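Q: Take a look at this one; I'll ask things after.
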Amino acid sequence: MIESLILQQGSGWRAQAEVFDEIFFVFLALGTLVGTIVVAYTLWNVYKYRDDGDEPKEGFDAPEVGELPTGQGGPKAKKLFLSFGLSAIVVISLVVYAYGILLYVEEGPDSDGDNIEITVEGYQYGWDYEYPNGHTETGEMIVPADTRIDIAVTSRDVWHNFGSSELRIKTDAIPGDTNTNWFSVSSEEVQAQGGEATYRVECFELCGPGHSAMKGQITVIPQDEWEAWYEDTGSDDSPSGNESASGNTSASIGGSTAGGVPA
Ligand SMILES: [Cu+2]
């Protein structure tokens, strides 16, 4: 139910980056609001009940350190319950909200089978991508806009971690194991970046002396352009790919040679 509510907010799918930015903003705004109220209320009470040199009132039963205020039979206990109650409501709402929205991140949008599955294999020190037709690319992953891209991440040697900060995706690459994740970039975003959206890929698991240079790139192009490119790749039937051919193709489309990502 929560998930469908979230999906109704936008016209299209929500990218993970958008969802995480929203969670960040909601927590920041609420935290600032609650923090301001608490600090202001505290300061006001510090001023109001300051020691003005007078003797304490007759019969005043001051609480000892470590003791909960009894409220002196008055409204103080009510205030305590009110603040506990409000805190509980805020915390529980945040948990339910964040859990619901993270379920969406976990499962991804419904793609009606139009998604593309790409296998990502990490190695010391780079990334290989294998498309459903067996075509492989090194370094640069070329994908279409407005499409759910499912990645199956693994490694052929040691532990790596495939991630793109801008896309807010990050997935462990473990030899003998496959972890899945997804991302989607809208055509508006591709347009905004001049017809080709590029995202830096990095390894987020210290994996050896070449770790910091273990970079790659995700290049998102309009759907029709991608389809034309993908059709051409169908001809190379060796799973390892035709290095020079795939290099040239991605150079013409991605503006950089496969494997060689501009620094
Ligand atoms: Cu690595």
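Read-outs: derived from the displayed coordinates by stated rules, not from any lab. Worth saying up front: this structure is predicted, and the values here are computed from it rather than measured. Cβ sites come from the backbone with ideal geometry, for glycine too, and all protein chains shown count toward neighbours.
Q: Using r as the Cβ-Cβ distance of residue 179 and residue 38, and R0 as 51 Å, what FRET efficiency do you calculate, to the nearest 0.05?
A: Plugging the Cβ-Cβ distance into 1/(1 + (r/R0)^6) gives 0.80.
Q: Give a residue-ordered list of calculated ³J(HN,Hα) values for the stretch 145-154 (Karplus: 6.51 cos²θ - 1.76 cosθ + 1.60, θ = phi - 60°; whole Hz; x for Gly, Pro).
A: Result, ordered by residue: 6, 6, 10, 6, 9, 9, 10, 10, 9, 8 Hz.
Q: So what J values fall out for the stretch 164-169 if you push phi through Karplus, 6.51 cos²θ - 1.76 cosθ + 1.60 with θ = phi - 60°, rounded to Hz, Gly and Pro as x?
A: So the J values, rounded to whole Hz, are 9, 4, 5, 8, 6, 10.
Q: Still on this model: Residue by residue through the stretch 197-210, what is 3J(HN,Hα) from phi via Karplus (6.51 cos²θ - 1.76 cosθ + 1.60, θ = phi - 60°)? Round to whole Hz and write x for glycine and proline.
A: 9, 10, 9, 6, 10, 9, 8, 10, 9, 4, 10, x, x, x
Q: Here's another thing I want to ask about it. Considering the options 209, 84, 197, tell which one lies farthest towards the positive end of the dipole of the stretch 70-224, charges being +1 on Lys and Arg and -1 on Asp and Glu at the Cβ, about the Cα centre.
A: Farthest along the dipole direction, towards plus: 84.
Q: Right, another one. Restricting attention to the stretch 126-221, which chymotrypsin sites (Phe, Trp or Tyr not before Pro) occupy a DSSP loop and are surrounded by at most 16 other Cβ atoms within 10 Å?
A: 159
Q: How large is the dipole of the stretch 98-242 about the Cα centre if only Lys and Arg carry +1 and Asp and Glu carry -1, each at its Cβ, rounded to the nearest 20 debye?
A: Approximately 740 debye in magnitude.
Q: By per-residue mean of other Cβ atoms within 10 Å, what is the highest-first order of 39-51, 95-107?
A: By packing density, highest mean first, the sequence is 95-107, 39-51.
Q: Just in the stretch 132-177: which trypsin sites (Lys or Arg not before Pro) are loop by DSSP and have at most 14 other Cβ atoms within 10 Å?
A: Within the stretch 132-177, the qualifying trypsin sites (Lys or Arg not before Pro) (loop, at most 14 other Cβ atoms within 10 Å) are 156.
Q: Mind listing the long-range amide H neighbours of residue 182? Cut-off is under 5 Å, sequence gap 5 or more, other chains count too, H placed in the peptide plane at 1.01 Å from N.
A: For residue 182, the qualifying residues are 151.
Q: Here is a follow-up. For residue 148, enumerate residues with amide H under 5 Å from its amide H, sequence gap 5+ or separate chain, H modeled in the peptide plane.
A: 116
Q: Going by average Cβ density within 10 Å per residue, which order do the peptides 184-195, 115-126 take, highest to lowest?
A: For the peptides 184-195, 115-126, the packing ranking is 115-126, 184-195.
Q: Report, to two decimal places, the Cα Rg of the stretch 116-254 normalised by 2.2 N^0.38 Å (N = number of residues).
A: That works out to 0.99 for the stretch 116-254.
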